[in-house]
1. So Tyr140 clears everything in (1) farther than 24 Å from Ser61 by Cβ; (2) surrounded by 16 or more Cβ atoms within 10 Å (Cβ to Cβ) except one condition, right? Which one?
2. For region 251-350, which fully contained helices (runs of 4 or more DSSP H) count at least 2 residues that are touching a Ser or Thr at 6+ places or on another chain (Cβ under 8 Å)?
3. Just the residues that are free of Cβ contacts under 8 Å to residues at least 24 places away in the same chain and either aliphatic (A, V, I, L, M) or on the phi > 0 side of the Ramachandran plot (or both), please, taken from region 339-349.
4. What tally of residues in region 198-218 results from selecting those that are in a helix (DSSP H, G or I) and open to solvent by less than 30 Å² (accessible area, probe 1.4 Å)?
5. Find the residue count for region 167-186, including only residues that are part of a helix (DSSP H, G or I) and either modelled with pLDDT under 95 or under 19 Å from Leu126 (Cα atoms) (or both).
6. In region 313-364, how many are of a type in the set (S, T, N, Q) and open to solvent by 70 Å² or more (accessible area, probe 1.4 Å)?
7. Scanning region 231-248 for residues that are open to solvent by 10 Å² or more (accessible area, probe 1.4 Å) and touching a Leu at 6+ places or on another chain (Cβ under 6 Å), which turns out nearest to Val75 (Cα to Cα)?
8. I'm checking my understanding of the structure. Among residues of region 16-74 that are out of contact with any Ser or Thr (no Cβ under 7 Å at 6 or more places or on another chain) and of a type in the set (D, E, K, R), which one is most open to solvent (accessible area, probe 1.4 Å)?
Amino acid sequence: MARLWATPRLPAGQGRIEAIDLARGVAIALMILSHAVSGLLGIRQVPDWGMVPIHLLTKFSSSLFITVFGIALAVAFLPKTDAPDWPRRRLKLMLRGLEVLFWYKVLTVVEMLPLYAAPDILDTLLYQRFPIWVEILGFYAIALLWLPWVLPLWRRLPLWARCAGPLLVALVAGWLERHFDFWGIEPLKAILVEDADHYAWGQLSRLPLVMVGLLIGEAVLCCYRRPPARRRLALVLAAAGAVMLLGFVAISLPGLDEALVAVAWNVGKHPPALAFMLFSLGGALVILALCLLGGERGAAALGPITTIGSDALMAFIFHIVVIFLGFRFLFEAWQVYAYPQVLGIGLALILATAGWIALTRWIRERK
């Protein structure tokens, strides 16, 4: 029992874990597919057979992406929080946050250029409004500026507190979103806990996913290099994901078909609602379990997806530029293609993104 109160002793970093890259790559691939459809055709033009199941499955993407963000923090940085060089590593994370913030602003212009006038773009750059397709970069940029300061505190917390933390933060964020107006400053509310009138990823409302990722990352550090333990971890994650998906089914009956369509239409995504999160996080945990179970062999077999996950920022930059600067701005390809064609473009863009990352990496290695 005393161990529950002790500071956890984590193994040292184990190098890059390709199964995590694969999981991140799956999240980005689903995101690319969703962005290609919504960015070139529009959700309202998607036929019923495209909304469920195809566009429905892309809803696993955001929860998987954010959870893997927490896993990566735990694997790469959490064991180093008591090291003498932790201030340097903390600075590295914060500089990465500034880099992501820079690209967030650049890609905001890229996204909005074919759609909006200059004053609207300027308002968005100044946080008076929010973009849609690139807004998740804004979440990561801000998170990377403050999370490095609390990672040492997280590591010192007893296990029971770390396990209870995600639920507690989710309840606090939900209460604040419903009952506190943040002094009438809507953008501040959107950034912290989300607001129904703004498309934003709240720092507190999505923090539980990061915390779940940190917990999983600690388990990965202890289990990944031991196949029997890794299989048990994958089984636990798959079981947890299945329970969440069953929970979604249970609260959706007898109108399950309508509930699935609602999730596909992003109902309950911003601010996060229980049904949407049960479905999204449940599916994300199942995917994560499969990636861990596959290990290095699975990552190698799905090489293009793993490549995308190995450089998430580059993948994000590339597909947004292609969709909005290429197709929508230069080729004026808004609602030019039918849904099957747009779906094909999305699948081709996944492979093109992997090829671009591989090419730029090959060039850098030969300089």
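1. Looking at each condition in turn, Tyr140 falls short on (1).
2. Working: elements: 256-264, 274-301, 303-310, 312-320.
Correct list: 256-264, 274-301, 312-320.
3. Narrowing region 339-349 to residues free of Cβ contacts under 8 Å to residues at least 24 places away in the same chain: 340-341, 344, 348.
Residue satisfying the conditions is Ala348 alone.
4. Taking region 198-218 as the starting set, the residues that turn out to be in a helix (DSSP H, G or I) are 203-218.
Filter once more, so that each one left must be open to solvent by less than 30 Å² (accessible area, probe 1.4 Å): 203, 205-211, 213-214, 216-218.
The qualifying residues number 13.
5. Taking region 167-186 and keeping what is part of a helix (DSSP H, G or I), we get 167-179, 182-184, 186.
Then drop every residue that is not either modelled with pLDDT under 95 or under 19 Å from Leu126 (Cα atoms) (or both), which leaves 182-184, 186.
Here the count works out to 4.
6. At the first step, the residues of region 313-364 found to be of a type in the set (S, T, N, Q) are 335, 341, 353, 360.
Checking the rest, the ones that are also open to solvent by 70 Å² or more (accessible area, probe 1.4 Å) come to 335, 341.
Residues in region 313-364 being of a type in the set (S, T, N, Q) and open to solvent by 70 Å² or more (accessible area, probe 1.4 Å): 2 in total.
7. Step one: filter region 231-248 for residues open to solvent by 10 Å² or more (accessible area, probe 1.4 Å), giving 231-233, 235-240, 242-247.
Pick out the ones that are also touching a Leu at 6+ places or on another chain (Cβ under 6 Å) and you get 237, 240, 244, 247.
Details: Leu237: 17, Ala240: 21, Met244: 25, Gly247: 30 Å.
Once the filter is applied, the top-ranked residue is Leu237.
8. Arg44
The values are calculated or read from the model by the stated rules, or taken from the named source; none is laboratory data. As the structure is a prediction and not an experimental result, all values here were calculated from the model. Here Cβ is always computed from backbone atoms with ideal geometry, including for glycine, and neighbour counts include all displayed protein chains. Quick note on the areas: whole protein, heavy atoms, side chains included, nothing else; ligands and nucleic acids left out. Shrake-Rupley method; radii C 1.70, N 1.55, O 1.52, S 1.80 Å.
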